[in-house]
Amino acid sequence: MRTFVRNAVAALGIGSLGLGLAGPLQAQDFKSALPEDTILYIGAPDLPSAMEAFKTSALFKMWREEEVQEFFEALLEEADKQFQQGLAQAKQMHKNGMLPVDPDEILKVKIQGIHVAVTELALDMEKGSKLNICVCIDFGQTSDKAQAIMAAMLNLAKAQSGGQMPDPTKTQLEGAVMNTLTPPMLPPQMPQGFGIHWAFVNGKFLLGTSQDGMKTIIQGLAKGGLEKNLTTAKAYTAVASKTRPQPRGFEAYLRPEGLWTTLWAGLSFAKAMNPGDMEDVDVDGIRRAVDALGLLNTKAIGVASSYENGKGVDRWFASTEGEPKGLMNLMAGGNIDQGQLNYIPKDASSFSITRIEPVVLYDSLMNAVNAYDQKIGDMVQMQLNGMQDALKLNLREDLFANMGPEVLSYAMPVSGNQLPEMGILIKVKDPAKALKVLNTAAQMSQGGFAINEIETEGGKLYGVDMDLPGEMAALTAMIEPTFTFHKGYMVVGFNRGDVRAALKMLDGKGGASIKENKAFAPYLEKIPENVTSLGWQDTAATFEGVYGVVASAAGFIPLPEEVPLDLGLLPSTETLTQHLFGSLNYSKKLPDGYMTKMIGPVGPELYLVAGLVVVAIPVAAGMFGSRGMPFPGGGGRAPQAAASIEAPAPEVVEEEPEEEPVLQDLEPKKR
């Protein structure tokens, strides 16, 4: 039975989307049927290959562990039992004529790929608004079965409507048939051609909201692609050349210009419809303010995620035009100093180093206000000057321009129920000014918090006493925020011990640095020099700490009788962490935009889970309300110490496609 359960989960739970997966990827590319000015595209074009790649991942190896299979076996058997019962009921309904489709035929339908696109988005009361959201499901060689099933279900819906459901109109397009259902009594403000439009083209099921938009896509698929399509668009190619989407992975693309255009039109329409309420709203002024923030310089944003030799590799890129301005310069203050790695303890489970210019935030906001309306800007500046005179400080010079650009932080592994040791180091040009601003803020808080000076043998420390309301007051027993200034840095920690440990690292007296961490060392020589931010996480150590805490707490959570989980069979920590390795991310400023690359044990499934969560939260809230879910754990095998992981470093190189070699395989090893 255990073998059956394992195979069932691999084939149904992990290796399919409920309907199974098709065979090799067809040459037809949905993106080539989308117009050049497509606003949004999200796709996973080759799910079978994606599933095969997933089987090389750390998560799949964890799932295949015998302890994990043993822990979930009873639950999976119960799930299979429920599925078989439901299947038997559906077969009986089909036999009795209550269900027009044989359930066995439904199970034979395979999914090759899934795509979503927004090709039209325009709000225009004179020429007519447009909206086309298109969903494409590639059924591959099982398209005929899928088409027959959908036709049968449509006939059933029509029969049950009592004659209220009209027949769809049919339009012949390049050998394909587009079906259309238009809602009756459609309000005049609805987009042109709005309705439900669907068709099967070359094994793909298309469902969209705009008649003209769907015609374009259908004709594009039927012809093998539009002459000018998304893949030939300048904005898309600029992004794709950096993200390098793979058919076996996940891809997302956004052209912000389409959203901005719709926003301006929407604001103008709202002002025209509500002249009294929006009399003082300057739509052109809002556009000038957004431009001053630098947001209009971003022409396209894209991400591609896939597994490469067992590692999840994500590449993000924001394509820009013109000189960066406004907020686009917030994190563009040069490259990080990798010598700061010496300030991070060897046993840290994660760290982040970046360069950020807080003064850019202040200047950008003030410039945006002035761009909207100079008179309003002058008034804001006058009020700000009055406040600054009363406080005897200059917010721009004493706070924003005084902080940064170097910021680094680290955290030690979680241990028990205590907060992990952590440290934050912020570059400060003038400590006296920074302390003055903080003391002024404390005075303005009216007792909300106070800063106390503490004399120690190592120098002055500053403690933050917080007056938190209600149940939040318990936090003051767990943390004692402390900071000090040393060697040009403001050093912050949860308590005095954290700050003292960080000071020792700054002075070179805190022991070995992260460079000697065996889980991080393989990455060290492969990190490009010209990066604007750098982050790393020891996934095994992090998982070990969290898993231990949650597993211990779960032992006190009673499971419902109908949930067949034996907490005594909870997998050991080592069983799970032996497959994990470090996760690295870094960002770079390129001549044509901003690039971020992430390498770790998790891949495209992260975006799938995020999407499911976005959909599930409102659905669950609406249907069931708030409901807790116990975490399987507690009792049984005592969580063991995580296996220390060291792995060959991936090839982390310059973002030039022709120069990046194939990433090496990562096989985690015990130290």
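The values are calculated or read from the model by the stated rules, or taken from the named source; none is laboratory data. Small disclaimer: the values here were computed from a predicted structure and weren't measured. Because the Cβ atoms are built from the backbone with ideal geometry, glycine has one as well, and the counts that use them run over all protein chains shown. Accessible surface areas use protein heavy atoms only, side chains included; no ligands, DNA or RNA. Shrake-Rupley method; radii C 1.70, N 1.55, O 1.52, S 1.80 Å.
Quick notes
- If the chain linking residue 260 and residue 177 were pulled fully straight, counting 0.36 nm for each residue of separation and taking away their Cα-Cα distance, it would gain 26.4 nm.
- Local charge for residue 399 was computed over the other residues whose Cβ lies under 14 Å away, with Lys and Arg +1 and Asp and Glu -1, and equals +1.
- Estimated distance in nm for a label pair at residue 451 and residue 321, the labels positioned 7 Å out from Cα along Cα-to-Cβ: 4.6 nm
- Degrees between helix 358-372 axis and first principal axis of the chain (Cα, 0 to 90, nearest 10): 60 degrees
- In order through region 567-584: 3J(HN,Hα) via Karplus (6.51 cos²θ - 1.76 cosθ + 1.60), integer Hz, x for Gly, Pro: 5, x, 9, 4, x, 5, 4, 4, 4, 8, 6, 5, 9, 8, 9, x, 10, 10
- Inter-label distance for residue 474 and residue 169, nm, one decimal - labels placed 7 Å from Cα along Cα-to-Cβ: 6.3 nm
- Carbon + sulfur, % of accessible area of region 111-214 - ligands and nucleic acids excluded, 1.4 Å: 59 percent
- Anisotropy class of region 280-379 from Cα gyration tensor, a/c 1.5 cut: oblate
- Part-to-part distance (alpha-carbon centres) for region 163-239 and region 346-415, which is given in Å: 48 Å
- In the context of the full set of protein chains, residues of the chain present 50 Å² of accessible surface per residue (probe radius 1.4 Å, heavy atoms only).
- Accessible area per residue was computed with a 1.4 Å probe on protein heavy atoms; residue 250 scores about 40 Å².
- Summary of the geometry: region 451-509 and region 109-131, compared by the centres of their Cα atoms, lie 53 Å apart.
- Nonlocal amide H pairs with residue 312, under 5 Å, H built at 1.01 Å: 600, 602
- Between helix 66-95 and the chain there is an angle of about 30 degrees, using the helix long axis and the longest principal axis of the Cα atoms.
- Pairwise FRET efficiency - residue 374 versus residue 271, Cβ, R0 = 25 Å, nearest 0.05: 0.75
- Label-point gap, in nm, between residue 495 and residue 530 - each point 7 angstrom along Cα→Cβ: 4.6 nm
- The longest part of the chain holding none of the exposed loop GluC sites (Glu not before Pro), meaning those outside H, G, I, E and B in DSSP with at most 10 other Cβ atoms within 10 Å, is 280-456.
- Subtracting the Cα-Cα distance of residue 337 and residue 278 from 0.36 nm times their residue separation leaves 16.3 nm of extension gain.
- Between 0 and 90°, nearest 10: helix 431-444 axis offset from the chain longest Cα axis: 70 degrees
- In region 329-441, the portion of solvent-accessible area held by carbon and sulfur atoms comes to 58 percent [1.4 Å probe, whole percent, DNA, RNA and ligands not counted].
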